[in-house]
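S.K.: Questions regarding the structure given below will be posed in turn.
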Amino acid sequence: MKCEVTLDQIVLMGYGELPDELVDGLEQHLAGCENCRRELNALRAMDEHLALRPVLEPSPNLLAQSRMRLDDELDTIPAHGFLTRLRVNFFAWVGHLQSAPALATLLVGVGFLSGNFVHRYQVAHQPKPANVTTLSRPADGVIANITGIVQTPNSELVQVNYNRVVPETVEGSLDEPRIRELLMMGMKSAATSGVRANSVALLSGECKVGHDCTGQADGKGIRGELMVALRYDKDPGVRMKALEGLQHYVGVDRRVRDAILEALMHDDDARVRTAAIGMLEPVQSDSSVRQALRTVSTQDENPYIRTASFQALQGAGDIQ
């Protein structure tokens with residue numbers, strides 16, 4: 001079997017139109033032809049990619065308006081004679097009967113091969129895109145708000161414009177800016193503490209290994225968001241994760257040091273205050289740190305935390 005014939009049969013098989021008696025011959029040819037197998041794999045990959053794309057349905061308003069415009073345009077076409085209509089209809093019927101199946105198969109095959117070559121050329125001559133895949137499902141969205149209502153004059157046709165909230169899924173590396181931006185938004189989620197806890201844990205892990213966790217002057221960025229979570233999140237588990245992510249910056253960032261001191265003095269969870277004492281050890285020579293440890297060692301309601309603060313001061317040789 002020639003490869004030209006095989007390519008046509010591959011297209012027919014992709015659309016489920018290949019006769020059963022030709023399947024065995026096609027499979028035998030594919031078993032021994034690498035080029036044809038690549039074309040088959042490319043067709044299957046294209047089908048999988050198209051299956052992930054959302055199917056957009058035209059709105060009822062658009063269909064109604066299109067029918068009305070079509071009727072108006074048809075009314076303006078002058079009527080043809082009987083013989084002219086008969087001749088046109090006859091030749092159109094004969095042409096459709098004789099050439100439509102072969103022509104459709106040829107167009108599908110040419111279109112598939114051309115698209116495959118164009119896709120390969122574009123992939124080979126453009127930089128690789130970011131490793132982010134977004135899947136949208138418009139059918140699962142809910143209507144957020146109505147933005148406009150327009151009625152067609154002298155009719156019952158009404159056009160309603162609205163915005164739809166569509167759920168989406170994004171996959172990518174923790175180093176990608178888009179993923180980090182979404183995780184920082186997840187740190188502020190009020191719907192569930194699980195989303196906040198997971199977001200803080202992932203970003204804290206990035207900071208602990210030194211992956212671009214620099215502080216910004218306006219308080220934004222991952223480090224700033226971790227300090228906000230440490231100060232204001234109601235979940236002590238989230239505050240503990242934020243504290244772990246800030247540990248490496250207590251000696252180099254005054255704002256981080258102040259945030260940990262606030263946690264030591266005012267956090268209502270004993271575990272968070274205890275962890276803060278251990279993280280302040282590298283900067284115990286700072287006067288504000290020593291003052292906070294003195295206050296906690298005498299005034300904290302938890303005897304263990306008072307003892308831990310006292311021992312931290314003693315280890316620094318600052319007991320007076």
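S.K.: Which cross-chain or sequence-distant (5 or more) residues have an amide H under 5 Å from the amide H of GLN159, H modelled 1.01 Å from N in plane?
M.R.: Counting only residues 5 or more places away or on other chains, the set is VAL150, GLN151, THR152.
S.K.: When the solvent-accessible surface of protein heavy atoms is calculated with a 1.4 angstrom probe, in what order do LYS234, LYS220, LYS241 fall, highest first?
M.R.: LYS234, LYS220, LYS241
S.K.: Rounded, prolate or oblate for region 142-247? Axes are the square roots of the Cα gyration tensor eigenvalues, ordered a ≥ b ≥ c, and the cut-off for rounded is a/c under 1.5.
M.R.: Since a/c reaches 1.5 and a/b is larger than b/c, the shape of region 142-247 is classed as prolate.
S.K.: Calculate the length of the line joining the C-alpha centroid of region 147-176 to that of region 256-315, in whole Å.
M.R.: 53 Å
S.K.: Which whole-Hz couplings ³J(HN,Hα) result when phi for each residue of region 11-16 is put into the Karplus expression 6.51 cos²θ - 1.76 cosθ + 1.60, θ = phi - 60°, listed in order with x for Gly and Pro?
M.R.: Per residue, the Karplus-derived 3J(HN,Hα) values read 5, 4, 5, x, 9, x Hz.
S.K.: Using a/c under 1.5 as the rounded threshold, could you call region 220-289 rounded, prolate or oblate? The axes a ≥ b ≥ c are square roots of the C-alpha gyration tensor eigenvalues, and prolate needs a/b larger than b/c, oblate otherwise.
M.R.: Note, shape of region 220-289 comes out oblate.
S.K.: Output ³J(HN,Hα) for region 164-174: one whole-Hz value per residue in order, computed from phi by the Karplus curve 6.51 cos²θ - 1.76 cosθ + 1.60 with θ = phi - 60°, and x for Gly and Pro.
M.R.: 10, 8, 10, x, 9, 10, 10, 10, x, 6, 5
S.K.: Putting +1 on Lys and Arg Cβ atoms and -1 on Asp and Glu Cβ atoms, find which of SER285, PRO236, SER297 reaches farthest to the positive end of the dipole of region 233-306.
M.R.: With unit charges placed on the Cβ atoms, the residue in question is SER285.
S.K.: How large is ³J(HN,Hα) for each residue in region 262-271, as worked out from phi by the Karplus curve 6.51 cos²θ - 1.76 cosθ + 1.60 (θ = phi - 60°), to whole Hz, x for Gly and Pro?
M.R.: In residue order, the calculated couplings are 4, 4, 5, 7, 10, 5, 8, 9, 5, 5 Hz.
S.K.: Additional query: Give me the dipole magnitude in Debye, nearest 20, for region 197-320 about the Cα centre, with unit charges on the beta carbon: positive for Lys and Arg, negative for Asp and Glu.
M.R.: 100 debye
S.K.: What accessible area, in Å² to the nearest ten, does a 1.4 Å probe give for ARG294?
M.R.: Looks like 80 Å² after rounding.
The values are calculated or read from the model by the stated rules, or taken from the named source; none is laboratory data. As the structure is a prediction and not an experimental result, all values here were calculated from the model. Cβ atoms come from the backbone with ideal geometry, glycine included; neighbour counts cover every protein chain shown. Surface accessibility is based on the protein's heavy atoms, side chains included, excluding ligands, DNA and RNA. Shrake-Rupley method; radii C 1.70, N 1.55, O 1.52, S 1.80 Å.
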